[in-house]
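Just below is one structure, and these are the notes that go with it.
Nothing in this text is a laboratory measurement; each read-out follows from the coordinates by a stated rule. All values reported here derive from a predicted model rather than from experimental measurement. Because the Cβ atoms are built from the backbone with ideal geometry, glycine has one as well, and the counts that use them run over all protein chains shown.
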Amino acid sequence: MPKRRYAASMEELPSLADTLSRSGLEFMQDIAKGKLAGPPIGQTLGFWPVEIAEGRVVFQGKPNFHYTNPLGTVHGGWYGAILDSCMACAVMTKVPKGSVYTTLEYKVNIIRPIPLDMPVHAIGVVQHAGRSTGIAIGEIIGIDNEKVYATGSTTCIIMNME
């Protein structure tokens, strides 16, 4: 498994030129391989991409005590962050060289609470990627028990920067 490499400063994040010089698929593969630094949100919230394919991205995470709400359960923001990441990054794998994307909107449906310290996969799959929009769906699934903990959907804008 490649070493996780998170950016520790703005200078360590991939530049726009770094991004535009690759297809979205190449960009995501280079982050997963550690050739490019991943965003610090992944380190902060404890998740990382573990599988990158055209139209499909899988993140792995393990929510711990630091991500709980006042009731002691995993905060909905954690579900949202890992789902937004896997779904939007799946769209990124369909973005051509010279273009970028950003999330326009996303929706999360929490089905059941994730037990603390339980490893999960967040799987994002593209349903549509055109010239200007991308749509993807996602699921958070327990690695050990294969239960679905949440689902989501996203719409992203794809922007040609050349």
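Remarks
- Between 0 and 90 degrees, the angle of helix 76-92 with respect to the longest Cα principal axis of the chain falls at about 30 degrees.
- Spin-label pair residue 116/residue 44, simplified geometry with 7 Å Cα→Cβ offset, distance in nm: 2.2
- When the Gaussian network model of the chain links Cα atoms closer than 10 Å, the mean-square fluctuations of 118, 28, 87 top out at 118.
- The chain: angle of helix 24-33 to the longest principal axis, Cα-based, in degrees nearest 10: 50
- Direction-averaged projected area, Cα convex hull, region 10-160: 8.5 nm², rounded to one decimal.
- Potential extension, residue 35-residue 62 segment - 0.36 nm per residue separation minus Cα distance: 7.4 nm
- As a calculated quantity, the FRET efficiency between residue 109 and residue 16 at R0 = 41 Å, using C-beta atoms, amounts to about 0.75.
- Dividing the summed helix terms, -39500 (n - 2.57) for each DSSP H run of n ≥ 4, by the number of residues in the chain produces a 222 nm estimate of -7000 deg cm²/dmol to the nearest 500.
- Inter-part distance where region 120-162 and region 57-99 are each reduced to a Cα centre, Å: 10
- At R0 = 41 Å, FRET efficiency that the Cβ-Cβ distance of residue 132 and residue 71 yields, to 0.05: 0.50
- Charge dipole (debye, nearest 20) of the chain; +1 at Cβ of Lys and Arg, -1 at Cβ of Asp and Glu: 120
- Dipole magnitude (debye, nearest 20) for region 64-139, charges at Cβ of Lys, Arg, Asp, Glu: 280
- Most fluctuating residue given options 24, 77, 142, as computed from a GNM of the chain linking Cα atoms under 10 Å: 77
- Amide H partners (placed H, <5 Å) of residue 51, local residues excluded: 58
- The phi torsions of region 129-134, fed into the Karplus equation with coefficients 6.51, -1.76 and 1.60 and a -60° offset, translate into couplings of 9, x, 5, 10, 9, x Hz, rounded to whole numbers, with Gly and Pro shown as x.
- Placing a pseudo-label 7 Å from each Cα along the Cα-to-Cβ vector at residue 9 and residue 160 gives an inter-label distance of 3.7 nm.
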